[in-house]
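The structure appears below as structure tokens.
The values are calculated or read from the model by the stated rules, or taken from the named source; none is laboratory data. These numbers were taken from a predicted model, which means no experiment stands behind them. Neighbour counts run over all protein chains shown; Cβ positions are idealised from the backbone, glycine included. Surface areas here come from the heavy atoms of the whole protein model, side chains and all, with no ligands, DNA or RNA. Shrake-Rupley method; radii C 1.70, N 1.55, O 1.52, S 1.80 Å.
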Amino acid sequence: MSVAELREKSHTDQDPAELPRGVKILHDPVRNKGTAFTEDEREALGLRGLLPARVHSMAEQELRVLANIREKETDLEKYLYLIALQDRNENLYYRVIMNNIEEMMPLIYTPTVGKACQEFQHIFRKPRGMYVSLHDKGRIKELLQNWPHKEARIIVVTDGERILGLGDLGAGGMGIPIGKLSLYTACAGIPPTQCLPIMFDVGTNNEQLLNDPVYNGIERRRARGEEYDALFDEFINAAKEVFPGILIQIEDFGNTNAFRLLNRYRDNTCLFDDDIQGTGGVAVAGLIASLRITGGRLADQKVLFLGAGEAGIGIADVFVAALREEGVPEGEARRHCWFVDSRGLVCAGRDNLAEHKLPYAHEHDYIDNLADAVRTLQPTALLGLSGQPQTFTKEIVEAMAEFNERPIIFALSNPTSKAECTAEQAYTWTEGRAIFASGSPFDPVKLGGQTLVPGQGNNAYIFPAVGLGVIASRSRVVTDEMFLAAAHSLANQVSEVDLQLGRVYPKLSRIRQVSAKIAADVATMAYDKGYTDKPRPDDIFADIHAHMYHPVYPHYV
Ligand code: NAD
């Protein structure tokens, strides 16, 4: 969009007489411009004397913010500074994030957000989003009506049971919906007022939190069974009623609830689970892009997963969908995916296997450890989604390099401290032959005169774009095939330069363009499959662009 078009778009139709005035507009994060209020606006909005004399441009304000952030000593302090900025001036916050996405994403999302969730009750300053708890039973609809932005289009909700790889953080998990929704706006241009983070508080089993006097969730152990389900059902129905057409992303639920809730609501509600489906999309995109380096075919791959939870099974399901698209029958496609969990190889005949693992429990002798499973199965790709750090040992990575010219090794557990191995280890132990990606970012590695750049298999490449495609097309559902379409779209947008550096994802600085293309591909699917009543626009890509928010100040007068 040109500067002139942006300026045009930023003109507000609102009558200045109806705008909040004086300190009220300064305290309204959606409308506040701080020192960038112009002379005319200061006059019209009763701001004379409430601001220092000099009028700054947004670019000058950005410089001040960046300087402030960069002088903070810890990432958590930087996170707090950014949240405070979001609370007082949203447009400036998003400008800073979008213009400096590589520097900012690790602060507003993994790994820093993990630390923020662990400390949530201690760093709590100001509420953001909504809190729905067991105490609200019977009145969730009434409560949701308190949300000031009736135009909400996307909810991200967590119950805090499995935050990143950090376990049960109860109400502290709220940092995740807040962070993910910032990414919806920063990466795919969903307007901030259309984003609603929600904490679904059903208690916590984290004793440390329950014993902490400043913990801000409900003081009880987690509800399960009927009590949990009834509250969640009430929440979903209330959300659909208060915000018609709302897209709901379920996030960081414990894995039994996550699979159950996804299966219960996916066909009748516009709902998806990013940990399962979004992770599936991003990891499969990484595998497809890896094959652009190795020249192999998807159907020739054997993938071994460490960790058979939401993320691992989610990836396998999208991988199987990709193989089916290539004509491989489903049963055979599943045999391309193997799992080792905390008890060893997932195989037929093992006792008490969770339901979501059964489709991948193949006939095979039981193996009790990963190293032996790698040697026996000889996979082409090894994917870590176990939340267990340093489990891809030197022996295991070296074995991968013995029977693969270019072993694919993705250490996807978050945050960084949980990664199955580091980028440096993967490259060093394979003499630079590994195609490596991780969940949290790793710095480039210099090895034998070569610089290798690890890709970050960040779900932010997928979920904001899928969300944009779904809300722009007004699709009634979010389907697995949309995540596969998103995976293909993402893999196709990895440039030759990226691949030469070993990076199987596009540079993060291109994420807005990449997201717009993915969103257009997802929307196209919604129109093609009849998931929407919206008439198909002549130019879907232009329609997607028209939905995208740009962080520019409105001109009030
Ligand atoms: P989950 O709790 O659903 O599953 C974890 C799985 O790991 C379970 O199957 C468990 O049995 C297994 N496990 C635990 N200890 C193990 C051990 N010692 N050896 C082998 N397996 C073990 O969690 P999840 O949602 O699947 O997430 C797992 C990890 O993946 C987390 O660290 C999460 O941050 C990460 N993740 C990364 C991305 C990404 O990079 N894009 C996306 C989603 C999740």
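Note on LYS150 and LEU499: the extension gain reaches 121.3 nm, defined as 0.36 nm multiplied by sequence separation minus the Cα-Cα distance.
Normalised radius of gyration (Cα atoms, divided by 2.2 N^0.38 Å) for region 171-267: 1.18. Residues whose amide H comes within less than 5 Å of that of ASP252, counting only those at least five positions distant or on another chain, are ASP275 (H built at 1.01 Å from N in the peptide plane). Between the amide H of LEU447 and those of LEU452, distances stay under 5 Å, these residues lying 5 or more places away or on another chain, with hydrogens modeled in the peptide plane. Principal axis analysis of the Cα atoms in region 389-451 yields extents of 28, 24, 15 Å, listed in decreasing size. Go ahead and run the numbers for FRET between HIS364 and ALA299, Cβ-Cβ distance against an R0 of 30 Å, rounding to 0.05. Result of the calculation: an efficiency of 0.90. Stokes-Einstein diffusion of region 13-63 at 37 °C, 0.692 mPa s viscosity, Kirkwood radius from Cα pairs, rounded to a whole number: 291 µm²/s. Measuring between their Cα centroids, region 14-48 and region 507-557 lie 31 Å from each other. Sorting TYR360, TYR553 on solvent-accessible area from highest to lowest, probe radius 1.4 Å, gives TYR553, TYR360. Per-residue surface analysis assigns TRP429 an accessible area of about 50 Å², computed on protein heavy atoms at 1.4 Å probe radius.
Once R0 is set to 35 Å, what does the formula 1/(1 + (r/R0)^6) return for the Cβ-Cβ distance between LYS137 and LYS24, expressed as a FRET efficiency to the nearest 0.05? Write out the running numbers ahead of the final one.
Details: r = 35 Å, r/R0 = 1.00.
That gives a FRET efficiency of 0.50.
The distance from the alpha carbon centre of region 71-99 to that of region 252-280 is 30 Å, rounded to a whole number. Counting only heavy atoms of the protein chains and using a 1.4 Å probe, THR38 has close to 50 Å² of accessible surface. What's the whole-number percent of alpha carbon pairs in region 270-378 lying beyond 22 angstrom? Roughly 31 percent, rounded to a whole number. The order of SER489, SER342 by accessible area, most exposed first and with a 1.4 Å probe, is SER342, SER489.
Which of TYR527, PHE541, SER515 sits farthest toward the positive end of the charge dipole of region 476-557, with +1 on the Cβ of Lys and Arg and -1 on the Cβ of Asp and Glu? The residue sitting most towards the positive pole is SER515. Which one, CYS117, THR204, GLY278, is farthest towards the positive end of the dipole of the chain when Lys and Arg carry +1 and Asp and Glu -1 on their Cβ? Of CYS117, THR204, GLY278, it is CYS117.
Remark on region 55-120: Rg and Dmax equal 11.6, 39 Å (Cα only).
With R₀ set to 56 Å, the beta-carbon distance separating GLU207 from ARG70 gives a calculated FRET efficiency near 0.90.
Against the chain, whose longest principal axis comes from its Cα atoms, helix 255-265 is set at around 70 degrees. Rounded to the nearest 20, the size of the Cβ-charge dipole of the chain about its Cα centre is 920 debye, with Lys and Arg at +1 and Asp and Glu at -1.
With the convex hull drawn over the C-alpha atoms of region 423-557, the volume per residue is 147 Å³.
Evaluating 6.51 cos²θ - 1.76 cosθ + 1.60 at θ = phi - 60° for every residue in region 398-414, the Karplus couplings come out as 5, 5, 4, 6, 6, 9, 10, 5, 10, x, 9, 10, 10, 9, 9, 5, 10 Hz, glycine and proline recorded as x.
Hey, quick one: spin label on GLU481, modelled 7 Å out along Cα-Cβ, who in region 498-528 has an amide N within reach, i.e. under 15 Å? So the set is 521-528.
Annotation: amide H-H contacts under 5 Å for ASP341 (H modelled 1.01 Å from N, sequence separation of 5 or more, or interchain): GLY307, VAL346. Taking all protein chains as shown and a probe of 1.4 angstrom, TYR109 keeps an accessible surface of around 20 Å². Dividing the convex hull volume of the alpha carbon atoms of region 236-330 by its residue count gives 120 Å³ per residue.
Where does the chain land at 222 nm, in deg cm²/dmol rounded to the nearest 500, when only DSSP H runs of n ≥ 4 count, each adding -39500 (n - 2.57), divided by all residues?
Numbers: 25 runs with 244 residues, N = 557.
After summing the helix terms and dividing by the residues of the chain, the value is -12500 deg cm²/dmol.
Placing unit charges on the Cβ atoms only, positive for Lys and Arg and negative for Asp and Glu, gives region 80-159 a dipole magnitude near 280 debye about its Cα centre. The chain: Rg/Rh from Cα coordinates, Kirkwood Rh? Rg divided by Rh gives 0.97. Computed from point charges on the beta carbon alone (+1 for Lys and Arg, -1 for Asp and Glu), the dipole magnitude for region 432-557 about its Cα centre is near 280 Debye.
Hey, how many Å between the Cα centroid of region 428-467 and the Cα centroid of region 111-155? Between the Cα centres of region 428-467 and region 111-155 lies a distance of 33 Å. The order of ASP317, ASP498, ASP443 by accessible area, most exposed first and with a 1.4 Å probe, is ASP443, ASP317, ASP498. Between helix 225-242 and the chain there is an angle of about 50 degrees, using the helix long axis and the longest principal axis of the Cα atoms. In region 110-229, Rg over Rh equals 0.96, where Rg is the alpha-carbon radius of gyration and Rh the Kirkwood radius from pairwise Cα distances. Karplus-derived 3J(HN,Hα) values for region 172-181, using 6.51 cos²θ - 1.76 cosθ + 1.60 with θ = phi - 60°, are x, x, 4, x, 6, x, 4, x, 5, 6 Hz; glycine and proline are entered as x. Answer with one residue from PHE232, ASN216, LEU261: the one whose Cα lies farthest towards the positive end of the charge dipole of region 207-271, charges on Cβ with Lys, Arg +1 and Asp, Glu -1. So the residue furthest toward the plus end is LEU261.
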